[in-house]
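Notes follow the structure.
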Amino acid sequence: MDKQTSIELFRVQARPPQEALKTIEFGRLKGKSDINPQWRIEALTETYGLYGLGWFVQIKDTTTIDLPETQEKMLFLTLELFVRDWSTPEEYKWFGPALGIGGDYIIVRDKNGVHGNDEAYAMAMTDALGKAAKLFGIANDIYRGKFDSKYGWRDQIEKRQELNNANWKRDGENVYVLGQKGFVDIKNLSIEQLKAIVNFPKLAGIKADMERRIKELE
């Protein structure tokens, strides 16, 4: 397989469908996107073939670490992911291994006390597979930060802005509309001004933002 073909293959499953993404609501990753683990399996299968024929994993190590202060125990799982080189289908040649390390609590403390987590191995393996799969380009655009969990794909946002002839723009959490003297943050507009422009077709891309701002001011 030549370099250009390998780059193209890396990009095939770089962008998950939006229904495979879920916004993380709590914890240190709040606001980030959680990728449906079954989609990763579908992506690997669509790209390389059925498990065992086009891709497979080998578990190399499982380690547990006790946390005496909290009476908890953590599990770490290391696996290797191999994918099929279909440029020579008559031969079984593989790319890899791609190393993935995942972890979870096998004994956890929460509001109900200390108890076991019977999903720990499955969750650690899911975590490890996701980290290994990204080395082959799976969900690469998510890890590159090209998706905003609130507004969607950043390049599509930019295209929508271009189609609206720059009547509005978005910069992170801030939204601006074009006025007579340049762009104005909608936070600096009065409720009367917002109500007067909220239904303008050329501002349809930020209608929801203006409606939220109106509710804040009411």
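Values quoted throughout were computed directly from the atomic coordinates according to the rules given, and no laboratory measurement underlies them. No experiment lies behind these values; they were computed from the predicted model shown. All Cβ positions, glycine included, derive from the backbone under ideal geometry; neighbour counts span all protein chains shown.
Where only DSSP H runs of four or more residues are counted, the chain gives -9000 deg cm²/dmol as its mean residue ellipticity at 222 nm, each run worth -39500 (n - 2.57).
Legend: helices of the chain (whole DSSP H runs) are marked when their alpha-carbon atoms reach 27 angstrom or more along the helix axis and their mean Kyte-Doolittle hydropathy is at least 1.0; nothing is marked.
Along its first, second and third principal axes, ordered by size, the chain spans 65, 54, 22 Å in Cα coordinates. The 3J(HN,Hα) values that the Karplus relation (6.51, -1.76, 1.60; θ = phi - 60°) gives for segment 90-107 are, in residue order, 6, 10, 8, 10, 10, 9, x, x, 9, 8, x, 10, x, x, 6, 7, 8, 10 Hz. Gly and Pro appear as x.
Model label sites at residue 215 and residue 63, defined 7 Å from Cα along the beta-carbon direction, differ in position by 4.7 nm.
Multiplying the residue separation of residue 178 and residue 115 by 0.36 nm and subtracting their alpha-carbon distance yields 17.0 nm.
Of 134/207; 73/134; 22/111; 22/181, which sit over 30 Å apart, Cα to Cα? Pairs exceeding the cut-off: 134/207; 22/181.
With both labels modelled 7 Å from their Cα along Cα-to-Cβ, the residue 91 to residue 199 distance reads 6.9 nm.
At R0 = 35 Å, how high is the FRET efficiency between residue 6 and residue 101 if r is their beta carbon distance? Nearest 0.05 is fine.
0.90
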